[in-house]
Amino acid sequence: MPPKGWKRPPRIEVTERSQQAPFDVLLSDPRYAARLANPFSEPSAPILLKDASRECRWFNAAVATDHIWRSKRKGWDQVRPGDVAELDQIGGYNKSPEGYITRGERGQEVLMSMPRDVRAQIQLAKTRANLDAVGRPNATKHAIVQAASEQLGDEAASYLQDHIGPVGTVTDTLERIERLEPDGD
């Protein structure tokens, strides 16, 4: 309970006129509007390619030794400077010995592209899979029990069936803690 005389602060935020920027200044430069729309972090600026049907993003080879190789197997292609509409939009970059665009101290970040339509379909498939998993919380549990049955036998599967709760559920617990009054010394 709040102390006597305490009032909840108003939910209205007041800014002094001297601190306000004129509206025409805010609209004078699209960079200001972009910062106001996302004040805490800036999303990566899109890099436009000459082939507008493709989109690109940076991949960091430092994530894993085979990260770029795996990304290529998933359909991503490395980008050359000639593929980019305007190289100024990238900022500082390097070229790998093979002629692909990289950045970073050791050239570990690699610019890669994929057809926009293919990427959109992949994103839809990911969304469907995620929604399916959310809609069936016991699917993961069933998969774990099934794998245990095949690899470890029925006894292990039976144990897991009995001891794994529904995946995705949250259980609250209550713990009593003894409250000790401080000494009056």
The listed residue being aliphatic (A, V, I, L, M), part of a loop (DSSP other than H, G, I, E, B), outside the structural domain of D88 (by TED's automatic domain parsing) and modelled with pLDDT of 75 or more, out of A34, A45: A45
Filter region 85-128 for residues that are free of Cβ contacts under 8 Å to residues at least 12 places away in the same chain and among the acidic types (D, E); which is nearest to R57 (Cα to Cα)? D88
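Does I144 qualify as being at pLDDT below 80, among the hydrophobic types (A, V, I, L, M, F, W, C) and under 32 Å from the mean Cα position of the chain (by Cα)?
Working: at pLDDT below 80: no; among the hydrophobic types (A, V, I, L, M, F, W, C): yes; under 32 Å from the mean Cα position of the chain (by Cα): yes.
So I144 does not fit the description; no.
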Restricting the search to region 44-84, which residues are aliphatic (A, V, I, L, M), surrounded by 12 or more Cβ atoms within 10 Å (Cβ to Cβ) and closer than 18 Å to R119 by Cβ? I47, L48, L49, I68, V79, V84
Just one of L87, L174, L124, L131 is loosely packed, with under 12 Cβ neighbours inside 10 Å and under 30 Å from K50 (Cα atoms); which is it? L124
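Sort out which residues of region 63-86 are part of a loop (DSSP other than H, G, I, E, B) and either out of contact with any Ser or Thr (no Cβ under 6 Å at 6 or more places or on another chain) or not aliphatic (A, V, I, L, M) (or both), and write them in order of number.
Residues satisfying the conditions are A64, T65, D66, K74, G75, W76, R80, A85, E86.
The values are calculated or read from the model by the stated rules, or taken from the named source; none is laboratory data. Since the model is a prediction, treat every value here as computed from it, not as a measurement. When we count neighbours, we look across all protein chains shown, and the Cβ atoms used for this are built from the backbone with ideal geometry, even at glycine.
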